[in-house]
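Enquirer: Got a structure for you, written out below as structure tokens; questions coming shortly.
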Amino acid sequence: MTVMPLESDHDSTNILKVGYLPLVDSIALLWAQHHGYFTAENLTVELVQETSWATLRDRLAFGILQAAHCLSPIVASACSTADDIGIAMRTALVLSHNTAKISLKAELYDALDIQASDLPHQSAAKFVTHSKQITHKLAQVFPASLHHFTLREWLRLADQDFAHQCKLATLPPHYMLEAMHHGTIDGCCVGEPWNSVGATQQISKIICRSQDVIPSIADKVLAVTNEWADAHPTLHQALVLGLMKAQRDLAKTENSAAAYQLLQQFGIIDTAFDLALDPALSSATLQADVEALIVQIHQQNMQPKATDFDWILSQLKAWLHADLDAGKFQDYSLQCIDLACYQQVLSELNQA
């Protein structure tokens, strides 16, 4: 697909600002940029590392960014009445399914006598019982996030009332470990590499994976506003194509080491973190864990699904008390996804 200037594309150089947060599942953006997949589509892409999901959401909504590595519930909120901005968004490509984990401070983990073999309901019961005596603070990355829903659903396994009443702090992913180290929070649900890094530095220990608590759901997606996508359909398709090429590469084990090195080059993983994990958790190195995760993420089907967004909307209603009409969930969910774009680009990729 070669992008030609469109009448609606006032900037013929096709410069696109694409936002992301420093997480392992942003790798497709970095890979596509590094390997010239965007340039091959006549796109000039500027990758912009954002400081928080709130900042990324606002900059995308108001057109400072043209696209973003984004939390799927942000898109669901924007397509429904749950969003306080009111600028509709959609996605044509999933970037990852939920791979976040719940971690607690190492000292608290040990004090609660949590075992690596504990099932989620067992660790939740230990945490809730102790929290009724001594208050412990948990953190999420953004209210509209699978991370938030995972924490609530984990707590609900032990005590539904406590799950609703527990106050959660909101912090950017890359601040979680610092906050735990300084005692600001006692645990969190966050994406990689921060759980594994916390384990290497003996700051935190992993309780469970999000997929042990909630279904496998689209987590990060390539988000665009409806206004931008409608005005620039060819640019949108070219961007998706570049990312699909990257995802195809990243699904191959032989590319995982190069992908890890790219994460290091972009400062997402500090070379000082590449130490052996706590043997109680794993004998693998941080690098081996992250490389395996990269392959795992990209071997999944990246087609956006309305059923995922239907589940997300139910969680927004349950845990954020969003004033949503459940009878409209199907309509909202279909508005969240751009299946025509995905299928058109996939067809072109398969014919190449």
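None of the figures in this text is laboratory data; all of them are computed from the coordinates on show. Model, not experiment: these values are computed from the prediction. Please note: Cβ atoms are built from the backbone with ideal geometry, for glycine as well, and neighbour counts cover all protein chains shown.
Enquirer: Listed highest first by mean packing, meaning other Cβ atoms within 10 Å per residue, what order do 15-22, 315-322 come in?
Expert: Ranked from most to least packed, the peptides come out as 15-22, 315-322.
Enquirer: Still on this structure, please answer the following. Over all pairs of distinct alpha carbons, what does the Kirkwood formula give as the hydrodynamic radius of region 22-106, in Å?
Expert: Radius from the Kirkwood sum: 14.6 Å.
Enquirer: In Å and from the alpha-carbon atoms only, list the Rg and Dmax of the chain.
Expert: 20.0, 64
Enquirer: Residue-wise, which Karplus ³J(HN,Hα) couplings in Hz belong to region 173-189, taking 6.51 cos²θ - 1.76 cosθ + 1.60, θ = phi - 60°, and x for glycine or proline?
Expert: Values, residue by residue: x, 6, 9, 4, 5, 4, 5, 5, 4, 8, x, 5, 10, 10, x, 6, 10 Hz.
Enquirer: Count the DSSP beta bridges whose two residues both fall in the chain, then state the antiparallel fraction as a percent rounded to the nearest 5.
Expert: If we restrict to bridges inside the chain, about 60 percent are antiparallel.
Enquirer: Report the Cα centroid-to-centroid distance between region 9-73 and region 119-186 in angstrom, as an integer.
Expert: One Cα centre to the other: 30 Å.
Enquirer: With bins 5 Å wide starting at 0, give me the P(r) of region 291-352 over every alpha carbon pair, in whole percents.
Expert: 4, 16, 18, 16, 15, 14, 10, 5, 2, 0
Enquirer: Around V190, which amide H atoms from residues at least 5 apart in sequence, or from another chain, sit under 5 Å from its own amide H, with H modelled in the peptide plane?
Expert: Hits under the 5 Å cutoff: K101, S103.
Enquirer: Please build a GNM for the chain, connecting alpha carbons under 10 Å apart, and tell me which residue among F38, F329, F266 fluctuates the most.
Expert: Ranking F38, F329, F266 by mean-square fluctuation puts F266 first.
Enquirer: A352 versus K167, label points 7 Å from Cα toward the beta carbon: distance in nm?
Expert: In this crude spin-label approximation the distance works out to 5.0 nm.
Enquirer: I need two numbers for region 101-212: Rg to one decimal and Dmax as a whole number, Cα atoms only, in Å.
Expert: Using the Cα atoms of region 101-212, the pair Rg, Dmax is 12.3, 34 Å.
Enquirer: Using 25 Å as the Cα-Cα cut-off, could you pick out the over-long pairs in K17/K317; K101/K167; K101/K245; K101/K220?
Expert: K17/K317; K101/K245
Enquirer: How far is it, in nm, from the label point at Q303 to the one at S117 when both lie 7 Å from their Cα along the line to the Cβ?
Expert: Each label point lies 7 Å from its Cα, and together they span 4.2 nm.
Enquirer: Could you state, as a whole-number percent, how many of the C-alpha pairs of region 202-252 are farther apart than 14 Å?
Expert: Across region 202-252, Cα pairs with separations above 14 Å total 71 percent.
Enquirer: Relative contact order (percent) for the chain, with alpha-carbon contacts under 8 angstrom and 6 or more residues of separation?
Expert: After rounding, I find 27 percent.
Enquirer: Right, something else. Tell me what the chain gives for mean residue ellipticity at 222 nm when only DSSP H runs of n ≥ 4 count, each as -39,500 (n - 2.57), the sum divided by the residue total, rounded to 500 deg cm²/dmol.
Expert: -13000 deg cm²/dmol
Enquirer: In angstroms, what radius of gyration and Dmax does region 23-181 have, counting Cα atoms only?
Expert: 18.6, 60
Enquirer: With θ set to phi - 60°, apply the Karplus curve 6.51 cos²θ - 1.76 cosθ + 1.60 along region 205-222 and write out the HN-Hα couplings as whole Hz, x wherever there is a Gly or Pro.
Expert: Each residue's phi maps through the Karplus curve to give 10, 7, 8, 6, 8, 4, 6, 7, 10, 10, x, 6, 10, 3, 9, 9, 9, 7 Hz.
Enquirer: Hey, another quick one. Amide H neighbours of L16 under 5 Å, counting only residues 5+ apart in sequence or on other chains, H built in-plane at 1.01 Å?
Expert: Placed amide hydrogens put T44, V45, E46 under 5 Å from L16.
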